[in-house]
Amino acid sequence: MKYVHVEAGNGYCGCDEEYLMKFEDNVNDFDIADAIYQVYTYLDGAAGIDPDDEEFDEYSYEECIGDATSWEEIDEEEFIRLSVEEGIEIR
């Protein structure tokens, strides 16, 4: 298994999230990034943020999420510690 610690955001205040995910060993980085993107709570926007707004014509909302989101692969022990001791949600 691959264990991932995610810090997701869109560059706007109040839209940051931290969560854990796990994947099969054969999953590549592109698929991991896509899965992270798909479970981000503010994928469709947030209060006052509309992804279809002309504000995002030159720099898309998806690019905002991509630039404000990072993840790192961790071992199973750290995954368990973060979920149990730190209370980080598993998605």
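Derivation of every value follows stated rules applied to the coordinates shown; laboratory data play no part. All figures in this text were calculated on a predicted structure; none of them were measured in a lab. Every residue, glycine among them, receives a Cβ derived from its backbone with ideal geometry; neighbour counts consider all protein chains shown.
Here is how the numbers come out for the structure above:
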| quantity | calculated |
| --- | --- |
| Rounded tilt (10° steps) of 29-39 against the dominant C-alpha axis of the chain | 70 degrees |
| Magnitude of the charge dipole, the stretch 2-84, Cβ model with Lys/Arg +1 and Asp/Glu -1, debye to 20 | 440 debye |
| Full-stretch length increase - S70, I90 - with 0.36 nm per residue and alpha-carbon distance subtracted | 5.6 nm |
| Residues listed by number, the stretch 1-16, amide nitrogen under 19 Å from Q38 label point at 7 Å toward C-beta | 1-9 |
| Farthest toward positive dipole pole in the chain [+1 Lys/Arg, -1 Asp/Glu at C-beta], among G11, Q38, I80 | I80 |
| Convex hull volume per residue for the stretch 47-91, taking Cα atoms only, in Å³ | 103 Å³ |
| The stretch 2-84: translational diffusion in µm²/s, Stokes-Einstein, Kirkwood Rh over Cα pairs, 4 °C, 1.567 mPa s | 95 µm²/s |
| Coil-residue GluC sites (Glu not before Pro) of the stretch 1-66, DSSP, other Cβ within 10 Å capped at 13 | E24, E58 |
